[in-house]
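The values are calculated or read from the model by the stated rules, or taken from the named source; none is laboratory data. Since this is a predicted model, take the numbers as computed values, not measurements. When we count neighbours, we look across all protein chains shown, and the Cβ atoms used for this are built from the backbone with ideal geometry, even at glycine. The area values use the complete protein model at the heavy-atom level, side chains included, leaving out ligands, DNA and RNA. Shrake-Rupley method; radii C 1.70, N 1.55, O 1.52, S 1.80 Å.
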Amino acid sequence: MKCSYCKEPLVRTLSLAEILGLVSIPLFELCSHCTQLFHQIDPTTACPGCGRDTSMKEEPGLCADCLYWQKRYPTYSFKNRALFRYDYSFKEWISSYKFSGDYQLRGTFSERLKRTLSQRTYKNTLICPLPLSIERQKQRGFNQVEGVLLAASIPFVPLLKRLELAPQSGKTRQERLLMPQPYVLAVEKAQIKHQSILLIDDVYTTGRTLFHAAECLRLANPAKVESLTFAR
Ligand SMILES: [Zn+2]
Ligand SMILES: [Zn+2]
């Protein structure tokens, strides 16, 4: 067994349940060194709107970015949960996985994601990764969010399609915020009506794409739309 990030051999004691075959041994695991590279965000102290790590500052309540969105979408009760801080280590990982295309790295956060999504609050929830445009998916060869979900054996439903627009990376914050709606529904409205939906994206940057996706889904009257990102 190898660490799913640094690929060094992984040595650990199996749990009794694993030895007895009551639970399967995970396909992807992180060594203790790599586990410590990533800074996990504590959801109890994070910004309740976007999941930003607030352990560094005192003020409770929504952060400045969330107050901006609240003004734009006053009827939304949008909530994002982020697993890790978007720091140097995370940027390194996403650069190797998404931009250099090292698909083996899809399992780096499998166990962490599985643990989070097995919580009761996500029971009976439709998991929907944010789609790439057909052109972008062809270029990259894979959808980076779907890759992580597949590695974690988490079932998902593609509820949205993305139209081809100029890519976001390399754009300024202001340009990103002005981006037009890139999503359309990929399923019948009836499939979404009264459902709880959890959108999954890799990084929460400005929130623009997630709000666009939520806006698109809300046309079909879902019970709830929330999101989870690997980093914020
Ligand atoms: Zn490692
Ligand atoms: Zn916030």
- Item | Which numbered condition Leu10 fails, given (1) more than 17 Å from Asp201 (Cα to Cα); (2) modelled with pLDDT of 90 or more; (3) touching a Cys at 6+ places or on another chain (Cβ under 6 Å) | (2)
- Query: Going by the conditions given, is Ala64 open to solvent by 30 Å² or more (accessible area, probe 1.4 Å), more than 16 Å from ligand 2 (Cβ to nearest atom), farther than 17 Å from Leu228 by Cβ and aliphatic (A, V, I, L, M)?
  - Reply: no
- Note on the structure: In region 117-148, anything more than 11 Å from the chain's Cα centre (by Cα) and among the polar types (S, T, N, Q) is listed as Ser118, Gln119, Thr121, Asn124, Thr125, Ser133, Gln137, Gln139, Asn143
- Item | Pick from region 206-221, criterion open to solvent by 20 Å² or more (accessible area, probe 1.4 Å) and assigned to a loop (DSSP other than H, G, I, E, B), ranking: nearest to Ile94 (Cα to Cα) | Leu219
- Any idea how many residues of region 23-39 are exposed (fewer than 13 other Cβ atoms within 10 Å of the Cβ) and in contact with a helix residue (DSSP H, G or I) (Cβ under 8 Å, 6 or more places away or on another chain)? 3
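Results for (1) within 29 Å of Asn221 (Cβ to Cβ); (2) surrounded by 11 or more Cβ atoms within 10 Å (Cβ to Cβ); (3) modelled with pLDDT of 95 or more, shown as yes or no for each residue.
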residue	(1), (2), (3)
Asp87	no, yes, yes
Phe90	no, yes, yes
Gly101	no, yes, no
Ser110	no, yes, no
Lys114	no, yes, no
Arg120	yes, no, no
Leu132	yes, yes, no
Gln137	yes, yes, no
- Scan region 1-43 for residues that are touching a residue at least 40 places away in the same chain (Cβ under 8 Å), out of contact with any Gly (no Cβ under 8 Å at 6 or more places or on another chain) and in a loop (DSSP other than H, G, I, E, B) and report the count. 6
- Run down Glu59, Glu29 and say which single residue is at pLDDT below 90, within 16 Å of ligand 2 (Cβ to nearest atom), of a type in the set (Asp, Glu) and out of contact with any strand residue (DSSP E or B) (no Cβ under 6 Å at 6 or more places or on another chain). Glu59
- Task: Mind listing just one residue for me: the one in region 63-85 that is aromatic (Phe, Trp, Tyr) and more than 16 Å from ligand 1 (Cβ to nearest atom) and, of those, modelled with the lowest pLDDT?
- Result: Phe78
